[in-house]
1. What ³J(HN,Hα) values, in whole Hz, does the Karplus curve 6.51 cos²θ - 1.76 cosθ + 1.60 give for the range 237-250 when θ = phi - 60°, with x put for Gly and Pro?
2. From the phi angles alone, apply the Karplus equation (6.51, -1.76, 1.60; θ = phi - 60°) to the range 225-236 and give each ³J(HN,Hα) in whole Hz, x where the residue is Gly or Pro.
3. Report D for the range 93-272 in µm² per second (integer): Stokes-Einstein, Kirkwood Rh on Cα pairs, 4 °C, 1.567 mPa s.
4. Tell me, Thr25, Thr200, Thr248 in order of fewest to most beta-carbon neighbours within 10 Å?
5. Quick one: order Ile141, Ile216, Ile96 by neighbouring beta-carbon count within 10 Å, fewest to most.
6. Report the gain in length on full extension from Val123 to Phe62: 0.36 nm times residue separation, minus Cα-Cα distance, nm rounded to one decimal.
7. Sorted from fewest to most neighbouring beta carbons within 10 Å, what does the list Val76, Val225 look like?
8. With +1 on the Cβ of every Lys and Arg and -1 on the Cβ of every Asp and Glu, and nothing else charged, how large is the dipole of the range 93-272 about its Cα centre, in debye rounded to the nearest 20?
Amino acid sequence: MTTPAISGSGMRASLPPAPRLRWSTLLLLLGLVALVVASFVSLPWKLRDFFSADAVRTTAEFLRGFTPPDLSAGFVRKTAVATLETLSMSALGTLIAALFGLLLALPASGRFGAPARAAVRSVLNVLRAIPELVWASILLITAGLGPFAGTLALAVHTTGVLGRLFGDALENGSPAPEAALRNNGVRPLAAFLYATLPQTAPQMMSYTLYRWENNIRAAAILGVVGAGGLGQMLKYHLSLFQMPQAATVILAMLLLVALVDAVSFWLRRVMTH
């Protein structure tokens, strides 16, 4: 049997009282529930048509066109090149975003005052509010068709995401280690590099790996607007109703996402241990 915890005075330790539920929290929860209910009511659900015999038959005929996938040597080599192109776009775009995100995270965390924090966070909000497809469409005008525009689109959007996440990580980190070093005469930059950055680096790396996983999927879609990679191949073959070739491209996408997820999971395990 377990014995109750005893304080130093011999009295049984009591748990602190549970926090009271505020009216603002209750109203917020009710508002969220109302929004969910309103969404279900306002959307034109057609479940009867979706599960009808005609819809099932049409879907089965459409999916049957993807079999068997085109596994000819020439097309597999072409798909492999596009796969490497998609992987390169996502990796390079994420790396660029991580570097610029860290630079913007410094003022975004309030290290240079409240005005700089507000201004940089506004810029980050704009960068991440615009989807990758829109950025790619804009950058295609200046960078032209191909993976370069796709890489820039991923980098710009991901900079907004990682800059905000890195800024929050720096802002929420404990200021005591850096303050102790600065009180002992260490320069601000050295104190940041030796105290604040090491305690937030694992969290930042986890954010970066997660965004790399997302950018793999985004890079595969950016080809729809001509940004190269697997997405461009998929759009081309689907537009010509070449379903076996499209099936091979889809399989390459699935394998690439699974590979990157496995590598990212392994890297996170290594960092946490």
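1. 6, 5, 5, 9, 6, 8, 5, x, 5, 5, 5, 5, 5, 5
2. For the range 225-236, the Karplus-derived couplings read 9, x, 8, x, x, 5, x, 5, 5, 5, 4, 5 Hz, x marking Gly and Pro.
3. D = 72 µm²/s.
4. Thr25, Thr200, Thr248
5. Least to most surrounded, the residues fall as Ile141, Ile96, Ile216.
6. 17.5 nm
7. Ordered from fewest to most neighbouring Cβ atoms within 10 Å, Val76, Val225 come out as Val76, Val225.
8. 260 debye
All of the numbers you see were taken from the coordinates with simple rules; none came from a lab. What you see is a predicted model, and the numbers here were worked out from it, not measured in a lab. So basically every Cβ, Gly included, is an ideal-geometry build from the backbone, and we count neighbours across all protein chains shown.
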